[in-house]
1. Using the heavy atoms of the protein chains alone and a 1.4 angstrom probe, what is the accessible area of the chain per residue in square angstrom?
2. In what order, largest first, do ARG11, ARG61 sit by accessible area if the probe radius is 1.4 Å?
3. So if I take the alpha carbon set of the range 102-242, get Rg, then get Rh from the Kirkwood formula, what is the Rg over Rh ratio?
4. Sequence gap at least 6, Cα distance under 8 Å: using those rules, report the relative contact order of the range 138-236 to the nearest whole percent.
5. Test of understanding: what is the full-extension gain from GLU224 to GLN111, defined as 0.36 nm times their sequence separation minus their Cα-Cα distance?
6. Normalised by the residues of the chain, what does the relative contact order come to in percent, with Cα pairs under 8 Å and at least six apart?
7. In debye to the nearest 20, how big a dipole does the chain give about its Cα centre with +1 on each Lys and Arg Cβ and -1 on each Asp and Glu Cβ?
8. Putting +1 on Lys and Arg Cβ atoms and -1 on Asp and Glu Cβ atoms, find which of MET53, ILE91, GLN147 reaches farthest to the positive end of the dipole of the chain.
Amino acid sequence: MKTVYHKADTRGHANHGWLNSYHTFSFAGYQNPERTNFGVLRVLNDDTVTQGMGFGTHPHRDMEIISIPLEGDLEHKDSMGTTAVIQKGEIQVMSAGTGVMHSEYNKNKDQAVKFLQIWVFPREVGVEPRYDQKSIKEGEKINGFQQILSPNKNDDGVWIHQDAWFNLANFTKGNGKNYMLNKKGNGVYAFVLKGSAKVGDRILNERDGLGIWDTQSFNIEAVEDAEILLMEVPMDLPAYLK
């Protein structure tokens, strides 16, 4: 089993006033050649958007973009005609494909919005743009894994154009479980949202990340009550990027 450890305070950081963002991988003004991506996981941004502010309309192309709100709610508008609000307990996906314009805005006057913005390289380019949003509250599991994303349209959670599986892991102190990878050649990037846990042989605290690959399984055990996002992705980049 191979691993790469990213302590929370080693992430890139940009505070624009209206946006406070931490970058696990190279993004915008933060460029680190040793932290460009983890397999096809390209971006993991931990964003806080202040009251009444947001991202103006901007383009995306050939990328799977996933948003997971942690606090507050965020309004989404795009060139496909979608207007939606996402909030904690939901997950949003946008397949940018041949091209899409969108904006994200915090309309709340009394609360900041905190959310994860995640980009995954698709297995192929030029797909038809699409939007989807689902509640994940009903499927919450304590001391287990809750699938919130997969490559399959009929699975739990949203789906994307990539052989990737995302799970939320909620464990109370002292409890744990073995995670079995879904596909040979994939790796998992574990990102701690709350608390602390032992992932494989490493203890992770809030906002620490650990990439794991060259294994079929690994164990997770909560050191204290913990919430962890597990992002299983192919480690080989698609042919169009080589």
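1. 45 Å²
2. Accessible-area ranking of ARG11, ARG61, largest first: ARG61, ARG11.
3. 0.98
4. 32 percent
5. Value of the extension gain: 37.9 nm.
6. 19 percent
7. Magnitude of the dipole: close to 260 debye.
8. Positive-most Cα among the choices belongs to GLN147.
The values are calculated or read from the model by the stated rules, or taken from the named source; none is laboratory data. Note that the coordinates shown come from a computational prediction; the quantities given were computed from them, not determined experimentally. No Cβ is skipped: glycine too gets one built from the backbone with ideal geometry, and neighbour counts run over all protein chains shown. The accessibility values were calculated without ligands, DNA or RNA, using every heavy atom of the protein model including side chains. Shrake-Rupley method; radii C 1.70, N 1.55, O 1.52, S 1.80 Å.
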